[in-house]
Amino acid sequence: MGFSRSILLLLVLAFFICCFSFSSADAASHDLNHGGNITINWDVISWTPDGYVAVVTIYNYQRLRKIREPGWTLGWRWAKYEVIWSMMGAQTTEQGDCSRFKGNIPHSCRRAPEVVDLLPGTPYNQQVANCCKGGVLSSWGSRAAVSEFQLSVGEAGTTNKTMRLPKNFTFEAPGSGGGYACGAAKIVRPTRFVTPDGRRVTQAMMTWKLSCLYSNKSPKVA
């Protein structure tokens, strides 16, 4: 009888240990994404003869997680065969095969470019607002939680109707100890910009947005 009681107590104890383990795991998983995400705004600010100029803004809305060195890397896949003619505030990690171009050579011809922030001390004529921090972002609550760059895209749509959104976005931050899973980009109401003197408001030609959530697993694409 004593032996049966001991077995019963062991089974009850094992049950509570399992329940506690699952609860702890669930709580840890919840804490990973608690307090925000990475949000990326892509604002088309002007059309060009073969594409557009856009400002891309990365917001770290995570209250407790910083993006540490070596900083963020943002990637995507073009919908067609777009190229990046030029960039300010950031650069692609590879140029790709631009052999079909004569004369003006694009900054990047890759179908799936990867972009990194420029380093502190970058010449002023290559900078834009909130750039050039080596990809490091503070947690939400200061301007240091925002990063921006500008790019001129060619061989692309030149109106809201002919524009095709990039897809398969990725956001990597090797110094964070995990990866990010990004959703698909969605067209939203165009961003409005207020001039520094507060006397004029301008509007993007087109805006799309996506969010990336932290995960302790490998990064995923939409």
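The overall shape of region 136-222 is oblate: from the C-alpha gyration tensor, with semi-axes ordered a ≥ b ≥ c, the ratio a/c is 1.5 or greater and a/b is no larger than b/c.
Sparsely packed loop sites in region 141-222 (the trypsin sites (Lys or Arg not before Pro) outside DSSP H, G, I, E and B with at most 12 other Cβ atoms within 10 Å) comprise K161, R164, R199, R200, K217. Computed from the Kirkwood radius of its Cα pairs, the Stokes-Einstein diffusion coefficient for region 87-196 at 25 °C and 0.890 mPa s stands at 149 µm²/s. The order of V128, V56 by accessible area, most exposed first and with a 1.4 Å probe, is V128, V56. Built from the Cα atoms of region 27-116, the convex hull projects on average onto 7.7 nm², one quarter of its surface area.
Estimated at 0.36 nm per residue, the fully extended path between E114 and D97 surpasses their Cα-Cα distance by 4.7 nm.
Accessible area of region 43-148 with a 1.4 Å probe: how many percent of it is carbon plus sulfur? Looking at region 43-148 in its full context, I get 51 percent from C and S. For region 125-183, the relative contact order comes to 20 percent (Cα pairs under 8 Å, sequence separation of at least 6). Extents of region 76-135, taken as max minus min of Cα coordinates on every principal axis and listed largest first, are 34, 26, 16 Å.
The values are calculated or read from the model by the stated rules, or taken from the named source; none is laboratory data. In this text, all values refer to a predicted model and were calculated from it rather than measured experimentally. Cβ coordinates were reconstructed from backbone atoms using ideal geometry, including for glycine residues, and neighbour counts include every protein chain displayed. Side chains are part of the model used for accessible areas, which takes the heavy atoms of the whole protein and leaves out ligands, DNA and RNA. Shrake-Rupley method; radii C 1.70, N 1.55, O 1.52, S 1.80 Å.
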